[in-house]
Amino acid sequence: MDLLVHEIGTLVTPLGEGARAGAAQGQLQTLKDAYLVIQDGKVVEVGSGSPPAFSGPSLSAQGKLVTPGLVDPHTHAVFAGSRVEEFLARTRGQRYTGGGILTTVAAVRQANQRELVELARPRLRRMLEEGTTTVEIKSGYGLTPEDELKMLSAIRELGQTTPLTVVPTFLGAHAFPAELSRQEYLDLVVEEMLPQVAGLAEFCDVFCDQGFYTPEEARRVLEAAKRLGLAPKLHADELAPVGAAELAAALGAISADHLLHISQAGIEAMARAGVVAVLLPGTAFVLAEPYPPARALIEAGVPVALGTDFNPGSCPISSLPLVMSLAVLKLGLTPEETLCAATLNAAAALNRAHELGSLEPGKLGDLVIWDANFLGELPYFIGHRLSLAVVKAGEVVWRASGV
Ligand code: NIG
Ligand code: FE
């Protein structure tokens, strides 16, 4: 699609084809009185002042703020069933242990692919309306070869039938199903599931934490995944410091996610290995847990990304703008670091920083027009839906009424 976006009051974007770390994470390009030209879905020109003559369709930003489309690099948006009871039990003092994952597993096993897709479709719609144009979705609520394949097929179908770029991750090693021993299930994941999902998933994730997969078990799964061409990711040190961040560095994982309880050694190892830290402050907020050490990560030179972790158990938040507010309020990130975390660095956590996550020639024409005049207003208006229009690959895929 071709599109000219003009009358942009302020255009803010990170620049580059890889994650931005340290001081560079907060250094963005800001253009006033800007325009942007998209041809065949890709950005071809960004500038200030009067736009060039353009014969295709145009969209006025009405003097407002424009940023790249948001990238959510960690969700579990495909699920069935309800965990409202578990949520309410926590408000009465019960602790989150991850045990509720098996409640969702039971419901997902009952659902067919079509039902999973139709349950997820309005969730993705809502995310799109909030500005998310790329979303990663994990399997991990099937825990049998058939049910994991069903989830990954549903994830693929969502990518084909919604405007969003949908990135699939295999998370067979999410929990242990009741019907098999630990060893039997691990063998099943490595020997049967991984070869079958290799064509459907891009990444392999493991929940490496207290009560779940040990670092040794996670290493076995992720090394097998790597041999099949799946890039490793980790749910790391969410519940306790088990050394999962160190493992992510040793394996050359693309990202280590959560990190509420990351050790100092884990921070240093991630910085050396260039692993992206995907922080999910919505989960810490919902579970009333301590927030991850975002400033220490940035100061150590670890590129920080932000995701929602949208899932039915630990984080029913699907709004990346709300998570960006939490990043500024609770993680101590600046609005600039936050925008980079939810765009270019999130794209890097999905191996897509070369094609999206910033607004510059060659990148996909994914952008949001916000009802804001400058960047600081995004995290400030907590829980407001500030998006006015969302553009995906040069196509206006959503606009607020009256725009
Ligand atoms: O990222 N930590 C493991 N998995 C999810 C929660 C899944 C669930 O409770 O259903 C998470 O928090
Ligand atoms: Fe998660």
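The values are calculated or read from the model by the stated rules, or taken from the named source; none is laboratory data. Just so we're clear, the structure is a prediction, and the values are computed from it rather than from any experiment. When we count neighbours, we look across all protein chains shown, and the Cβ atoms used for this are built from the backbone with ideal geometry, even at glycine. When the accessible area is computed, the model is the full protein with side chains, heavy atoms only, and any ligands, DNA or RNA have been set aside. Shrake-Rupley method; radii C 1.70, N 1.55, O 1.52, S 1.80 Å.
Observations
- The number of residues in the stretch 378-403 being in a loop (DSSP other than H, G, I, E, B) and either touching a His at 6+ places or on another chain (Cβ under 7 Å) or among the aliphatic types (A, V, I, L, M) (or both) comes to 5.
- Flag if Asp237 is at positive phi, within 15 Å of ligand 2 (Cβ to nearest atom) and either among the acidic types (Asp, Glu) or surrounded by fewer than 20 Cβ atoms within 10 Å (Cβ to Cβ) (or both): yes
- Every residue from the stretch 245-260 that is open to solvent by less than 10 Å² (accessible area, probe 1.4 Å) and within 11 Å of ligand 1 (Cβ to nearest atom): Asp257, His258
- Given (1) of a type in the set (A, V, I, L, M, F, W, C); (2) open to solvent by less than 20 Å² (accessible area, probe 1.4 Å); (3) under 30 Å from Val278 (Cα atoms), number of the condition Val37 does not satisfy: (3)
- Scanning the stretch 50-72 for residues that are open to solvent by less than 30 Å² (accessible area, probe 1.4 Å) and over 29 Å from the mean Cα position of the chain (by Cα) returns a single hit, Gly56.
- Residue count for the stretch 228-284, restricted to those that are closer than 17 Å to Leu297 by Cβ and over 17 Å from the mean Cα position of the chain (by Cα): 23
- Annotation: of all residues in the stretch 323-377 being assigned to a loop (DSSP other than H, G, I, E, B) and among the acidic types (Asp, Glu), the one that is least open to solvent (accessible area, probe 1.4 Å) is Asp366.
- Screening the stretch 289-322 for residues that are over 29 Å from Gln94 (Cβ atoms) and surrounded by 20 or more Cβ atoms within 10 Å (Cβ to Cβ) and picking the one that is nearest to ligand 1 (Cβ to nearest atom) gives Ala305.
- Candidates are the residues of the stretch 156-187 that are in contact (Cβ under 8 Å) with a residue 60 or more places away in the chain and over 15 Å from the mean Cα position of the chain (by Cα); the one that is nearest to ligand 2 (Cβ to nearest atom) is His174.
- Of all residues making up the stretch 156-179, the number that are more than 20 Å from Ala236 (Cβ to Cβ), open to solvent by less than 10 Å² (accessible area, probe 1.4 Å) and in a loop (DSSP other than H, G, I, E, B): 2
- Qualifying residue in the stretch 202-213 (condition: crowded, with 18+ Cβ neighbours inside 10 Å, within 23 Å of Glu136 (Cβ to Cβ), more than 21 Å from the chain's Cα centre (by Cα) and away from ligand 2 (no atom under 15 Å from the Cβ)): no
Rundown of residues vs (1) within 16 Å of ligand 2 (Cβ to nearest atom); (2) crowded, with 17+ Cβ neighbours inside 10 Å; (3) at positive phi; (4) not polar (S, T, N, Q), yes/no style:
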| residue | (1), (2), (3), (4) |
| --- | --- |
| Asn112 | no, no, no, no |
| Pro122 | no, no, no, yes |
| Leu128 | no, yes, no, yes |
| Thr134 | no, yes, no, no |
| Gly142 | yes, yes, no, yes |
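- The lone criterion from (1) β-branched (Val, Ile, Thr); (2) open to solvent by 70 Å² or more (accessible area, probe 1.4 Å); (3) more than 16 Å from ligand 2 (Cβ to nearest atom) left unmet by Thr97 is number (3).
The rows are residues; the columns are (1) within 16 Å of Leu164 (Cα to Cα); (2) in contact (Cβ under 8 Å) with a residue 60 or more places away in the chain; (3) charged (D, E, K, R).
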| position | (1), (2), (3) |
| --- | --- |
| Asn345 | no, yes, no |
| Glu355 | yes, no, yes |
| Leu364 | yes, yes, no |
| Val368 | yes, yes, no |
| Phe381 | no, no, no |
| Val391 | yes, yes, no |
| Gly394 | yes, yes, no |
| Trp398 | yes, yes, no |
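- Considering only residues in the stretch 74-91 that are polar (S, T, N, Q) and open to solvent by 50 Å² or more (accessible area, probe 1.4 Å), the one that is farthest from ligand 1 (Cβ to nearest atom) turns out to be Thr91.
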